[in-house]
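Visitor: Pasting a structure below so you can have a look.
The values are calculated or read from the model by the stated rules, or taken from the named source; none is laboratory data. Fair warning: this is a prediction, and the values are worked out from it, not measured in the lab. So basically every Cβ, Gly included, is an ideal-geometry build from the backbone, and we count neighbours across all protein chains shown. Note: areas computed on protein heavy atoms with side chains; ligands, DNA, RNA excluded. Shrake-Rupley method; radii C 1.70, N 1.55, O 1.52, S 1.80 Å.
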Number of protein chains: 2
Amino acid sequence: MSNTVDRTNVTDTNDEVAEVADVTERVDTGPIDVRPGADRIDIEAVRRLLLGSWPEERLASRELAARPEMQKIEGQPYPEHRERALEQLRMLVEDGQVHRAFPTRLGGEDDHGGNIAGFEELVVGDPSHQIKSGVQWGLFGAAVLHLGTEKHHDAWLPGIMSLEVPGIFAMTETGHGSDVASIGTTATFDEATGEFVIDTPFRGAWKDYLGNAAVHGTAAVVFAQLITKNVNHGVHALYVPIRGEDGGFLPGIGGEDDGLKGGLNGIDNGRLHFTGVRVPRENLLNRYGDVAEDGTYSSPIASPGRRFFTMLGTLVQGRVSLDGAATAASAIALQIAIEYGSQRRQFTAASDSDEEVLLDYQRHQRRLLPRLAQTYAHTFAHDKLLVKFDRVFSGVADTDTDRQDLETLAAALKPLSTWAALDTIQESREACGGAGFLAENRLVGLRADLDVYVTFEGDNNVLLQLVAKRLLSDYSKRFRGADAGALARFVVEQAADRAYHGSGLRSLGQTLKDFGRVRRSVGQLRDTEVQRELLTDRVETMIAEVAQRLRPATKLGKAEAAALFNSQQNELIEAARAHGELLEWEAFTEALEKTEDAGSRQVLTWLRDLFGLSVIEKHLAWYLIHGRLSPQRAQAVDAYINRLVARLRPHALDLVHAFGYEQRHVRAAITSGAEQERQDEARAYHRDQRESGTAPIDEKALAKPGRPSLTV
Amino acid sequence: MSNTVDRTNVTDTNDEVAEVADVTERVDTGPIDVRPGADRIDIEAVRRLLLGSWPEERLASRELAARPEMQKIEGQPYPEHRERALEQLRMLVEDGQVHRAFPTRLGGEDDHGGNIAGFEELVVGDPSHQIKSGVQWGLFGAAVLHLGTEKHHDAWLPGIMSLEVPGIFAMTETGHGSDVASIGTTATFDEATGEFVIDTPFRGAWKDYLGNAAVHGTAAVVFAQLITKNVNHGVHALYVPIRGEDGGFLPGIGGEDDGLKGGLNGIDNGRLHFTGVRVPRENLLNRYGDVAEDGTYSSPIASPGRRFFTMLGTLVQGRVSLDGAATAASAIALQIAIEYGSQRRQFTAASDSDEEVLLDYQRHQRRLLPRLAQTYAHTFAHDKLLVKFDRVFSGVADTDTDRQDLETLAAALKPLSTWAALDTIQESREACGGAGFLAENRLVGLRADLDVYVTFEGDNNVLLQLVAKRLLSDYSKRFRGADAGALARFVVEQAADRAYHGSGLRSLGQTLKDFGRVRRSVGQLRDTEVQRELLTDRVETMIAEVAQRLRPATKLGKAEAAALFNSQQNELIEAARAHGELLEWEAFTEALEKTEDAGSRQVLTWLRDLFGLSVIEKHLAWYLIHGRLSPQRAQAVDAYINRLVARLRPHALDLVHAFGYEQRHVRAAITSGAEQERQDEARAYHRDQRESGTAPIDEKALAKPGRPSLTV
């Protein structure tokens, strides 16, 4: 550690903070341990913590991703990139890890959580083959597995698992993405031949953005409105051969290449349309709905709405895995920016000859360290999501409520982590300046590939609205019939761990009114319970407020009720975001409890505080408006964040190294050690010149004859 | 306009807002004109306003950018893209507009403002040839023009103007970007031969990221530490031939290709290094510093520091033009998203059969319309910057203070508009969903190309820190020797128009104390003076607070003073941002005064209010902490923004069309009319089915026997 690093510790006193923050109300942030080294983290221990519940699967997948043949070639023209990604899928088959989620009897392992953990780490090699493998085994294969029945498994899964049949997940249409229930493609049962006839009735009903559709896919799971005996039973999935031996479309099928995209160009996205395409009745994936030979429809789920959501719910793993992959990408970006920021120097400030390391600048710390804290929070929250997912899909805990909770949790976390990835990668790229813009330093490629994560597998805004509706519905169930006064007095009685075991409102058991004590008595913003109260209260209050404003809706006509709901849409989505932030904070706090050594626990507590306080700072106006924080207390938040980033700065490298990615994963030219060599060489050159007296005299020194030259 | 659009007007009453916002303190936002059409803008009039002071130059350049051969081919491999961009530069020569800034006697027009206005619009065709032309004529050529003298102009400008000599602006080094004064390259005068000897002393001093360096450049303006008679006179520029007839490097010169980048891949960026490269004494661009035959150094500017900043100041046009180009890119992105959002439908809400247009959703309005308001503000602010630039460079008003003001203004606006461009293009891309991710819809390419605008020609954070230092220095000059009490009582006496005519603190002449009246008496957040007070007060107070905290610095040693300054760095940069936001708001407000027709004035006033209130909302915690807004008033800001976006929604298309870009400029597949056709076709299909009775019966309708089917 350099002198400048030590300086951040030396000046870290209450006096300085009070002066800097100019707070009129003194904030007690507790005693500070300034013993050098006393609070270093145990990198290995933190690494194990971050690896979560499937460490072996993650490490195995990282080994794979470290092989050069599994890595992206930046700038490769997309036709070749597509072939390379297909070749990489073949290597994944050879490796076998992508079969983990499939049935043991077919060569899989029935291991759902481990499968996703391994899948997520593929993003390190190339997000294109990651997502392409997600299309093949996570969507196309998973649809056959979860929507089909044993005969389908036997017939099609072997070819899917071996990649003999590269497949297409044909759900989205040009005209309908988020609103899957309204897709236009029809599958009409023809009793005369015992076949389904698949049709695209208009241009907007073309299937679109489908991976493997432009070139490689030979079969598809096609989602269509199932019509039999002139009744539309809603969206169902059918297995449909698409291309023949010669690679050309089969009769009645047409399509287009989506061409170049903003990223993920190793995937051949494309469009498909169908004109009178016939498939046997047996090709209907019939777990949740079937058509008999005589055209009679039957389903184990009577309600068409519930049936639809159950079918779609089996595909939640896409969202789950994007949450983890996005977080991994954020970690790599931060490792690049923080390593570079720890070596690169610019401008002298504290001395005449020594330039400052970028990460010693407060602004640089404020740009990178809160995002590091956030990435830790996302990592811990993701592991909890993955455990929940595994319990549902393994059947350990898979009630309807469990499934709904899982979907709500995924819908809350995926938007936050995918947006955070774009923000974090971009800030990292800017923090590396011009070097950050070069493809050889990986940040621009990573950002381009991750871009679409925020709108696919559920548009982030739509997902958050789903979460908000769930929160609102949970809330309404509790308060049905209660008047406004009762609402305000109500004690939210949910258990403290309901956040992950349920999905609903997170609370501590206070009355809403009682939150006033935060304002009156909070002594320490770094107190875990204070942070929890502040974050929890905000979610609850926002939902309660919106619920109250929506109460007239029941008495309104459809159009007026829709207008009223629309007037609350922005606030609702913000409430869902607040819920997600609370879940992340809870996960981080829970992880702290698993940290055994004092150094790690201390530093991770600062990092958790930085995360919590950064969230509170983002919504500071809300806390002020609602009287949860006094102006003095609110002002101290910024000062406390400045203290935290200065405290964490000496640990920044340890914290990124704890993610466990090595240079063979990170692969940025500026993290190869070259920057440190350049800095060392330049400093040695200037030092030698000074010491040998060969440096030219600075004109500035000459201009002031009374002042001795710095260089002679 | 659809029914849903009208609905936003119909429900736009004070009662609704009071209910929706749940504000306890009623906000009087004045009477509302709901007559349909009464407040439409005059698109032509607003277009003229947006075109600013050089409309002809902008339109001519747009004509050029509309020619297919001037347009980017998305996904073109970069070696070919580089050749295409060079070819496009040749077409720019033919067209002649890029010669506007050069001397009349050499075939130019001595027209600096018009030159930049035209240059900015080239971003519409392809940002690569725009920036490559900026390298050739705005940096390489401008350095010869502004740092050289007549003999240099005569010798080199004709070849530069004609592109006979593609050139390199060799300033940045691998080790030094923002801190140009510390570059390592040396140019040592050899009295024996009358030559300068150019050397790269270590790897970090390689020139890097230089446009035209990898392939096309045959000469360079090289910035180096000028050393003569063993004295270093600081950074000077020399004209240096780089490549010979055969395209190979001349002796002593080496280099590397920077390879693929995150965008702008039509530019061949590369690295250069020099080993004992000799150029004649006359190759020193000697306007601000010269070396005589005997090695004696002389300069018209005695202070080395001032000389350095004067030389760099001549190159401000890069920042000025990026501000304009980034704003043009934002306008195009918004046109794509708002046109698509006005056609694309998803989910039914207000009826059983009609899906909603995306832009009718409140969230969609909140995502796009504040960014539209911001883009208007940037457009108006940019024109004022350009006028200032033109006055300085034409010599109409070019005192030292004018030059400093220009630099401060550019340094304040360029960061905000370039960051806003990335944010706006990204939000636009997300608002278009999967379609936004396809290269054919332009948003991803535009974002990739604009990315580096935030770190080149001055890293945004560094620029804002420069602005803050200027504000702080202006402030300190006024308060030198004053005690803390005097500071608080001081009346900032600057004239109301000082914002653009000077660069310093913007004020209305109130005492700081007097701002309390905002809290007590403001009746209308939409009041221009209230917005002005709130925005102005924040800049002043932030600077005053930081200044007070920095006062001990004068008594501290260098290291301690640096640490104190560093503790305020984040706040300082935020103060500079606040200053930039105020300048933008002032420019928008001034533009309103030039709006003659009532409809345009009304709608643009809403748009300006949306901009002002959005800025205030972003910093709402500050206003609450500092007692400038009461909690009730602060809460009304969100409600008022919701009202404004609903009011502006029917005008959104008019407002983007007023930018004046046509489909031949915008070129997105989704703005070609195809989406509207698809929607019309799908709606006609469903309508025909309903009317003819051929639609299958919905199972949901069957499931409830008591309820009539919707479709029979």
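Visitor: Starting from the Cα of B:Lys558, draw a straight line to each of the aspartates and glutamates and keep only those under 14 Å, dropping any in the same chain fewer than 8 residues away.
Guide: Of all the aspartates and glutamates, those that pass the test against B:Lys558 - Cα under 14 Å, at least 8 places apart if same chain - are A:Asp352, A:Asp354, A:Glu355, A:Glu356.
Visitor: Another one. On alpha-carbon atoms, Rg over Rh for the protein assembly as shown using Kirkwood Rh?
Guide: 0.96
Visitor: Restrict the search to the range B:284-393; then list the GluC sites (Glu not before Pro) that DSSP places in a loop and that have at most 11 other Cβ atoms within 10 Å of their Cβ. Please report the intermediate quantities before stating the final value.
Guide: Details: sites: B:Glu293, B:Glu339, B:Glu355, B:Glu356; in loops: B:Glu293.
Those satisfying the criteria are B:Glu293.
Visitor: Lysines near A:Lys384 by alpha-carbon distance under 20 Å, same-chain residues fewer than 8 away left out - which ones?
Guide: Of all the lysines, those that pass the test against A:Lys384 - Cα under 20 Å, at least 8 places apart if same chain - are A:Lys414, A:Lys594.
Visitor: Taking a label point 7 Å out from Cα toward Cβ, give me the nm distances from B:Glu44 to the same spot in the other copies, shortest first, one decimal.
Guide: 7.9
Visitor: Additional query: How many angstrom separate the Cα center of the range B:359-389 from the Cα center of the range A:548-598?
Guide: 29 Å
Visitor: What spacing in nm lies between the two simple spin-label points modelled at A:Glu56 and A:Ala559, each 7 Å away from Cα in the Cβ direction?
Guide: 6.4 nm
Visitor: Distance between Cα centroids, the range A:55-70 to the range B:70-116: provide it in whole Å.
Guide: 48 Å
Visitor: Evaluate the distance, in nm, between pseudo-label points positioned 7 Å from the Cα of B:Phe249 and of A:Glu590 along their respective Cα→Cβ axes.
Guide: 5.8 nm
Visitor: 7 Å from Cα along Cα→Cβ at both B:Val387 and A:Asp688: what's the point-to-point distance in nm?
Guide: Spacing of the two 7 Å Cα→Cβ label points: 5.7 nm.
Visitor: Would you tell me the accessible area of B:Glu57, worked out with a 1.4 angstrom probe on the heavy atoms of the protein chains, in Å² to the nearest 10?
Guide: For B:Glu57, solvent-accessible area is about 40 Å².
Visitor: Using amide H atoms built in the peptide plane, which far-off residues or other-chain residues are under 5 Å from A:Arg278 H to H?
Guide: A:Ile198
Visitor: B:Thr348 to A:Gln404: FRET efficiency via 1/(1 + (r/R0)^6), r the Cβ-Cβ distance, R0 35 Å, to the nearest 0.05?
Guide: Details: r = 23 Å, r/R0 = 0.66.
Using R0 = 35 Å, I get an efficiency of 0.90.
Visitor: So, one more: Distances from B:Arg690 to the same residue in each other copy, label points 7 Å out along Cα→Cβ, in nm, shortest first?
Guide: Copy-to-copy label distances at B:Arg690, shortest first: 8.1 nm.
Visitor: How much length would be gained if the chain were fully extended between B:Ala181 and B:Arg67, taking 0.36 nm per residue of separation minus their Cα-Cα distance, in nm to one decimal?
Guide: Values: separation 114, 0.36 × 114 = 41.04 nm, distance 4.18 nm.
Answer, rounded to one decimal: 36.9 nm.
Visitor: Another question about this same structure. Could you tell me the relative contact order of the range B:55-313? Use alpha-carbon pairs under 8 Å, at least six residues apart, and round to a whole percent. Before the final figure, lay out the partial values.
Guide: Working: 524 pairs, mean separation 47.0, N = 259.
Rounded, it is 18 percent for the range B:55-313.
Visitor: Could I ask something else about it? I need to check one value: relative contact order of chain A, counting alpha carbon pairs closer than 8 Å and at least 6 residues apart, in percent.
Guide: Here the relative contact order equals 16 percent.
Visitor: How many partner chain Cβ atoms sit within 10 Å of a residue's Cβ in peptide B:164-174, on average, as a whole number?
Guide: 1
Visitor: To continue, here is another question. Quick one: give the max-minus-min coordinate of the C-alpha atoms of the range B:363-408 along each principal axis, largest first, in Å.
Guide: For the range B:363-408, the Cα spread along each principal axis is 48, 16, 8 Å.
Visitor: Can you compute 3J(HN,Hα) from phi for each residue in the range B:243-260, using the Karplus curve 6.51 cos²θ - 1.76 cosθ + 1.60 with θ = phi - 60°, rounded to whole Hz and x for Gly and Pro?
Guide: Each residue's phi maps through the Karplus curve to give 10, x, 3, 7, x, x, 4, 6, x, x, 10, x, x, 9, 8, 6, x, 5 Hz.
Visitor: Work out the mean other chain Cβ neighbour count within 10 Å for the residues of A:425-431 and drop it here as an integer.
Guide: If you average over the peptide's residues, the count of other-chain Cβ atoms is 3.
Visitor: With the label 7 angstrom out along Cα to Cβ, how close does B:Thr296 come to the same site in each of the other copies, in nm, nearest first?
Guide: Computed spacing set for this position: 11.3 nm.
Visitor: Shifting gears a bit: Just how far, in whole angstrom, is the range B:433-480 from the range A:147-183 if you go by their alpha carbon centroids?
Guide: 44 Å
Visitor: Here is a follow-up. Could you calculate, for chain B, the ratio of the Cα radius of gyration to the Kirkwood radius, expressed as Rg to Rh?
Guide: So for chain B, dividing Rg by the Kirkwood Rh gives 1.02.
Visitor: If you don't mind, another one. Using only the alpha carbons, work out the radius of gyration and Dmax of the range A:174-284 in angstrom.
Guide: Here Rg and the maximum Cα pair distance are 14.0, 47 Å.
Visitor: So what is the calculated 222 nm ellipticity per residue for the protein assembly as shown, using -39500 (n - 2.57) for each DSSP H run with n of 4 or more, over all residues, to the nearest 500 deg cm²/dmol?
Guide: Values: 58 runs with 751 residues, N = 1424.
Per the formula, -16500 deg cm²/dmol.
Visitor: Next up: Using modelled backbone amide H atoms (1.01 Å from N, in-plane), which distant-in-sequence or interchain residues come within less than 5 Å of A:Lys261's amide H?
Guide: Under 5 Å from the amide H of A:Lys261 lie the amide H atoms of B:Ala439, each far enough along the sequence or on another chain.
Visitor: HN-Hα J couplings of the range A:142-147 from phi, Karplus 6.51/-1.76/1.60, θ = phi - 60°, integer Hz, Gly and Pro as x?
Guide: 5, 5, 4, 5, 8, 9
Visitor: Hey, can you grab everything whose amide H is under 5 Å from the amide H of B:Arg243? Only 5+ residues off in sequence or another chain; H modelled, so Pro and N-termini drop out.
Guide: B:Ala219, B:Leu250
Visitor: Moving to a separate point now. Take the Cα atoms of the range B:316-672, find their three principal axes, and give me the spread along each one in whole Å, biggest first.
Guide: 72, 45, 42
Visitor: Another one. If I take R0 = 35 Å and measure r between the Cβ atoms of B:Glu529 and A:Glu617 in this structure, what FRET efficiency does the formula 1/(1 + (r/R0)^6) give, to the nearest 0.05?
Guide: 0.70
Visitor: Would you compute, for the Cα atoms of the range B:55-313, the largest minus smallest coordinate along each principal axis and list the three values in descending order, in whole Å?
Guide: That works out to 55, 37, 33 Å along the principal axes.
Visitor: With 26 Å as the limit, write out which pairs from B:Lys132/B:Lys229; B:Lys388/B:Lys469; A:Lys132/A:Lys207 have Cα-Cα distances beyond it, or answer none. If you can, show how the numbers build up before the last one.
Guide: Values: B:Lys132/B:Lys229 38 Å; B:Lys388/B:Lys469 21 Å; A:Lys132/A:Lys207 17 Å.
Violating the 26 Å Cα-Cα cut-off are B:Lys132/B:Lys229.
Visitor: For a protection proxy built on the mean count of beta-carbon atoms within 10 angstrom, sort B:409-420, A:312-323 highest first, please. Spell out each step's value before the answer.
Guide: Working: B:409-420: 26.8, A:312-323: 23.0.
So the order, starting with the most tightly packed, is B:409-420, A:312-323.
Visitor: Hydropathy at least -0.5 by Kyte-Doolittle, axial extent at least 18 angstrom from the Cα trace: which helices of chain B, defined as entire DSSP H runs, fit?
Guide: In chain B, the long hydrophobic H runs are B:317-341, B:460-479, B:528-550, B:569-593, B:598-618, B:631-648.
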